[in-house]
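So the structure is just underneath, and the comments pick up after that.
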Number of protein chains: 2
Amino acid sequence: MCGTENERAGPAQKPTSSPYSQVQDYISQVGRYQIIESTLREGEQFANAFFTTENKIKIATMLSDFGVDYLELTSPVSSEKSYEDCKTICNLGLKAKILTHVRCNMEDAKKAVECGVDGVDLVIGTSSFLREFSHGKSMELIQKTAIEVIEYVKSKGVQVRFSSEDSFRSDLVDILTLYKAVDKAGVDRVGVADTVGGATPRMVYDLVRTLRGVVGCDIETHFHDDTGCAVANAVTALEAGATHIDTSVLGIGERNGITPLGALMARMVVTSPEYTKSKYNLPQLKAIEEYVASVVQVNIPFNNPVTGFCAFTHKAGIHAKAILANPSTYEIIDPALFGLTRYISITSRITGWNAVKSRVQQLGLDLTDDQIKEVTSKIKQMADIRPLAIDDTDSIIHSYHLNLQADSALQTKVVA
Amino acid sequence: MCGTENERAGPAQKPTSSPYSQVQDYISQVGRYQIIESTLREGEQFANAFFTTENKIKIATMLSDFGVDYLELTSPVSSEKSYEDCKTICNLGLKAKILTHVRCNMEDAKKAVECGVDGVDLVIGTSSFLREFSHGKSMELIQKTAIEVIEYVKSKGVQVRFSSEDSFRSDLVDILTLYKAVDKAGVDRVGVADTVGGATPRMVYDLVRTLRGVVGCDIETHFHDDTGCAVANAVTALEAGATHIDTSVLGIGERNGITPLGALMARMVVTSPEYTKSKYNLPQLKAIEEYVASVVQVNIPFNNPVTGFCAFTHKAGIHAKAILANPSTYEIIDPALFGLTRYISITSRITGWNAVKSRVQQLGLDLTDDQIKEVTSKIKQMADIRPLAIDDTDSIIHSYHLNLQADSALQTKVVA
């Protein structure tokens, strides 16, 4: 399954001391991946998305400031507004390069180039499903059209990507033949897309690794999340030699969406910490997610990596004890990297005395370990009866402390 | 990296005709995996979880009816209530077997057995992090204690699992030595846990595949979702020979939780459709998720696989066209399997005339293709200006249709 080495690939990332660092394959791109941020294209296909020009400008600017390499916009052929907005965003002078995603035909490509984009992302369905039920074209016709369109875009001095759609249900020989031809025609990137979200990491590794041996150009990957594998598929694609990952903020897109930018950052700050921290402005993530969530009127999922309300909340006594001694015991990501903090819950029946001790110290009270164990047992008893808020547990601690003082005062009085 | 074949493993699943079906490794367990549902243990560690006895009974009953193989409960040592509830659930006579998850010491194991559980899940941290900052025990002491406790539990005729915690940051030789010893001592399962949620699918494959060559017993796996890989890691573990997956409803657990039951079902109904459909009562999934969400006071994430509000919503014109011709073009999961339906949105600027045609037919109106293209263009113009609801697009269609009738009536009049 090997092949010609990617000419554009350099040395792999230096090993780090993290016990989670990756096997350092020569083919792996985890140490220098690029992000194609598609909130303004794939994200616009999300059921709730209706972006005004102002929304689009703000999202584009925030994402460019965050450090994504490319912004992908809805095809200017979709509507008059899409066309105008594409031109507007091209003229903002953002650091990120601007792409638009169009069907692989000359008319769409011309309209895209007209807008002043840095690159045109061509797409066509290659699976038997899409060839039969969508566009009805043969592989020969797809290849012929692709090469004409690629040559046109290149002649205008604009970057060009060629992607199949539904790549994992396409005939392997068909798509390798097609990718080889477009690579020879000089595309900057070929794209592999799991359009229906059914691929597993091992399928991704196999396809991307094989493709890496067939083309010399960059490889972009696009993963839908219907079966919950979009983040894992992205990191696996990089391990197999893919160079670019498509994301959207909170993963918004068709159906339940694609690889979310935030979850990918959580993944990559663990897999490739130095590169990820130096390249992307991680503390901005939460503000970007909150803005997009407000525009498309959704809540940030409670279980979102990094920014979910409980992503750094520790509850079980055994966890809290170790976290207090060393956060790395139960945290693979330091919340401070994203400008966030951890929280140790002591309001449940499964809390432990080490967690309570930490709260007692925060409250500035002076209790012995035996006293803390006693008050912990009171908290657990109460938590067995009803849900507790932090105010409740603080009251239990304060009242326990007051009683001790009263006892002690009484004793002093008696002795006196 | 090979080893002795798993003695308890039988022939691999029969190939299916799905283009997404897995490579049929002899080692793969994707065709006969079992679920250890831990909403009542891991889920109780979720920040918002406060389960009453009534909640626990209802969750246990629903999950047992759904078809999960095991239910794992909070340690009876945690609190008086945990102890009582554990006994209560053991006495319900559910189809699912009842487990409880305790620290690997004799006192906890005795309390567990006392409750009448079918199995005791022993756990201890084996990473250098946990050994230093949590319990402070050496590997020798861990092994000695483990074997004593295992022998005790077995002597009571109760199933026993031994799991390391933070397995992916543990020394490989250490944990293989330990697992080999407990396998010899007769455990029913060993457990591999990505306690901090930092593992990637390739790390999972490597560790589980290696372990599969070392032990003859079943292999349980437990994946946290801090870096968004918990579902992919689960399916990869099965491919590498793991037999059991830990889940919780909506993934609730410490921090942002573990492999969600629903997302795993989405994954496995694609990977192993016949087994998954025949074994698990998929149309119950939504009700179970809604009940647990209401108990822990969270919203079902908008982008949840299967049950997220938009999981089967199609919006882009090019998608809608193909979906109408054949749903498999852009759907890897048939929503009907989960008792759900698809929805084709026509309210946006990126809609297309095929989608509008389908709506025109639903409304029982009679328009030619050219007329539908004209009304589509009116919808796209309006959607460029403001967000549209389905009522709005229906009004545009109805008013267009009325105008046509009026024109036609007028023409008839003129002719007359």
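The values are calculated or read from the model by the stated rules, or taken from the named source; none is laboratory data. The structure presented is a predicted model; accordingly, all values stated were derived computationally and were not measured. Cβ sites come from the backbone with ideal geometry, for glycine too, and all protein chains shown count toward neighbours. For accessibility, only protein heavy atoms count, side chains too; no ligands or nucleic acids. Shrake-Rupley method; radii C 1.70, N 1.55, O 1.52, S 1.80 Å.
In the range A:259-278, what residues are surrounded by 24 or more Cβ atoms within 10 Å (Cβ to Cβ) and of a type in the set (A, V, I, L, M)? Please lay out each step first, then the result.
The initial filter retains those residues of the range A:259-278 that are surrounded by 24 or more Cβ atoms within 10 Å (Cβ to Cβ), namely A:259-268, A:270-272.
If the condition is that a residue be surrounded by 24 or more Cβ atoms within 10 Å (Cβ to Cβ) and of a type in the set (A, V, I, L, M), then A:Leu261, A:Ala263, A:Leu264, A:Met265, A:Ala266, A:Met268, A:Val270 are the ones that fit.
Read through the list (1) touching a strand residue (DSSP E or B) at 6+ places or on another chain (Cβ under 8 Å); (2) more than 13 Å from every other protein chain (Cβ to nearest Cβ), then give the number of the only condition that A:Ala355 fails.
(2)
Hey, among the residues in the range B:334-369 that are of a type in the set (Gly, Ala, Ser) and more than 19 Å from A:Gly253 (Cα to Cα), which one's surrounded by the fewest Cβ atoms within 10 Å (Cβ to Cβ)? Step through it out loud before you land on a result.
We begin by selecting, within the range B:334-369, every residue of a type in the set (Gly, Ala, Ser); these are B:336, B:339, B:345, B:348, B:352, B:355, B:358, B:364.
Right, trim to more than 19 Å from A:Gly253 (Cα to Cα) and you get B:336, B:339, B:358, B:364.
Values: B:Ala336: 13, B:Gly339: 13, B:Ser358: 17, B:Gly364: 6.
Step by step, filter the range B:334-369, then rank; the result is B:Gly364.
Considering only the range B:199-212, state which residues are open to solvent by less than 10 Å² (accessible area, probe 1.4 Å), within 12 Å of chain A (Cβ to nearest Cβ) and of a type outside the set (A, V, I, L, M). Explain how you work it out, then say what you get.
First, the residues of the range B:199-212 that are open to solvent by less than 10 Å² (accessible area, probe 1.4 Å): B:199-201, B:204, B:208, B:211-212.
Now narrow it down to the ones that are within 12 Å of chain A (Cβ to nearest Cβ): B:199-201, B:204.
Within the range B:199-212, B:Thr200, B:Pro201 qualify.
Anything in the range A:170-212 that is in contact with an Asp or Glu (Cβ under 9 Å, 6 or more places away or on another chain) and within 16 Å of B:Glu331 (Cα to Cα)? List them, or say none.
Of everything in the range A:170-212, those that are in contact with an Asp or Glu (Cβ under 9 Å, 6 or more places away or on another chain) and within 16 Å of B:Glu331 (Cα to Cα) turn out to be A:Ala193, A:Asp194, A:Thr195, A:Val196, A:Gly197, A:Gly198, A:Thr200.
Looking only at the range A:156-176, decide whether some residue is surrounded by 24 or more Cβ atoms within 10 Å (Cβ to Cβ) and touching a residue at least 60 places away in the same chain (Cβ under 8 Å).
Yes, the range A:156-176 contains at least one residue that is surrounded by 24 or more Cβ atoms within 10 Å (Cβ to Cβ) and touching a residue at least 60 places away in the same chain (Cβ under 8 Å).
How many residues does the range B:161-193 hold that are part of a helix (DSSP H, G or I), modelled with pLDDT of 95 or more and within 12 Å of chain A (Cβ to nearest Cβ)?
The number of residues fulfilling the criteria is 0.
I need every pair where a residue in the range A:328-345 that is in contact (Cβ under 8 Å) with a residue 60 or more places away in the chain has its Cβ under 7 Å from the Cβ of a residue that is in a helix (DSSP H, G or I) and β-branched (Val, Ile, Thr), sequence separation at least 6 or different chains.
Final answer for the pair search is A:Ile332/A:Val270; A:Ile333/A:Val269; A:Ile333/A:Val270; A:Leu337/A:Val269.
Tally up the residues in the range B:296-315 that are within 7 Å of chain A (Cβ to nearest Cβ), out of contact with any strand residue (DSSP E or B) (no Cβ under 7 Å at 6 or more places or on another chain) and open to solvent by less than 10 Å² (accessible area, probe 1.4 Å), please.
Qualifying residue count, the range B:296-315: 5.
Looking at the range B:334-347, which of the residues that are of a type outside the set (A, V, I, L, M) and within 11 Å of another protein chain (Cβ to nearest Cβ) is nearest to the chain's Cα centre (by Cα)?
So in the range B:334-347, the residues of a type outside the set (A, V, I, L, M) come out as B:334-335, B:338-339, B:341-343, B:345, B:347.
After this cut, where a residue has to be within 11 Å of another protein chain (Cβ to nearest Cβ) as well, the list is B:335, B:342-343, B:345, B:347.
Values: B:Pro335: 16, B:Arg342: 21, B:Tyr343: 23, B:Ser345: 27, B:Thr347: 32 Å.
Selected residue: B:Pro335.
If the requirement is being within 14 Å of another protein chain (Cβ to nearest Cβ) and in contact (Cβ under 8 Å) with a residue 24 or more places away in the chain, which of these qualifies: B:Val117, B:Val102?
B:Val102
Condition check: more than 8 Å from every other protein chain (Cβ to nearest Cβ) and crowded, with 22+ Cβ neighbours inside 10 Å. Does A:Val292 satisfy that? Before you say what the answer is, go through the steps one by one.
Details: more than 8 Å from every other protein chain (Cβ to nearest Cβ): yes; crowded, with 22+ Cβ neighbours inside 10 Å: yes.
When the stated conditions are applied, A:Val292 passes them.
Looking at (1) away from chain B (no Cβ under 14 Å); (2) open to solvent by 40 Å² or more (accessible area, probe 1.4 Å), which one does A:Ile372 not meet, given that it meets all the others?
(2) is the only condition that A:Ile372 fails.
Which of the residues spanning the range A:179-198 are of a type in the set (Lys, Arg) and open to solvent by 10 Å² or more (accessible area, probe 1.4 Å)? Outline the logic, then answer.
As a first pass, look at the range A:179-198 and keep what is of a type in the set (Lys, Arg): A:180, A:184, A:189.
Hits for the range A:179-198 are A:Lys180, A:Lys184.
Taking only the range A:379-406 into account, find how many residues are open to solvent by 90 Å² or more (accessible area, probe 1.4 Å) and either part of a helix (DSSP H, G or I) or polar (S, T, N, Q) (or both). Outline the logic, then answer.
Going through the range A:379-406, the residues open to solvent by 90 Å² or more (accessible area, probe 1.4 Å) turn out to be A:381, A:385-386, A:391, A:402-403, A:405.
The next check asks that each one be either part of a helix (DSSP H, G or I) or polar (S, T, N, Q) (or both); those that pass are A:381, A:385, A:391, A:402-403, A:405.
The total comes to 6.
Select, from A:Asn233, A:Asn281, A:Asn256, the only residue that is among the polar types (S, T, N, Q), buried (at least 24 other Cβ atoms within 10 Å of the Cβ) and either under 20 Å from A:Ala49 (Cα atoms) or away from every other protein chain (no Cβ under 11 Å) (or both). First the steps, then the outcome.
On the way: A:Asn233 fails: either under 20 Å from A:Ala49 (Cα atoms) or away from every other protein chain (no Cβ under 11 Å) (or both); A:Asn281 fails: buried (at least 24 other Cβ atoms within 10 Å of the Cβ).
Answer to the selection: A:Asn256.
For A:Gln284, which of the numbered conditions (1) closer than 23 Å to B:Ile258 by Cα; (2) touching a residue at least 60 places away in the same chain (Cβ under 8 Å) fails to hold?
(1)
Answer yes or no as to whether B:Glu331 is more than 24 Å from A:Asp166 (Cα to Cα), acidic (Asp, Glu) and either open to solvent by less than 20 Å² (accessible area, probe 1.4 Å) or more than 8 Å from every other protein chain (Cβ to nearest Cβ) (or both).
Working: more than 24 Å from A:Asp166 (Cα to Cα): no; acidic (Asp, Glu): yes; either open to solvent by less than 20 Å² (accessible area, probe 1.4 Å) or more than 8 Å from every other protein chain (Cβ to nearest Cβ) (or both): yes.
Judged against the criteria, B:Glu331 is not a match.
Given B:Gly251, B:Gly262, which one is closer than 30 Å to A:Lys321 by Cβ, in contact with an Asp or Glu (Cβ under 7 Å, 6 or more places away or on another chain) and within 14 Å of chain A (Cβ to nearest Cβ)? Write out each step before concluding.
Working: B:Gly262 fails: closer than 30 Å to A:Lys321 by Cβ.
On inspection, the qualifying residue turns out to be B:Gly251.
How do the helices (runs of 4 or more DSSP H) wholly within the range A:47-137 filter down when requiring 1 or more residues that are among the acidic types (Asp, Glu), open to solvent by 10 Å² or more (accessible area, probe 1.4 Å) and under 29 Å from B:Asn304 (Cα atoms): which remain? If you could, list the steps in order and put the result at the bottom.
Values: elements: A:53-66, A:80-90, A:106-114.
Helices (runs of 4 or more DSSP H) meeting the threshold: A:53-66.
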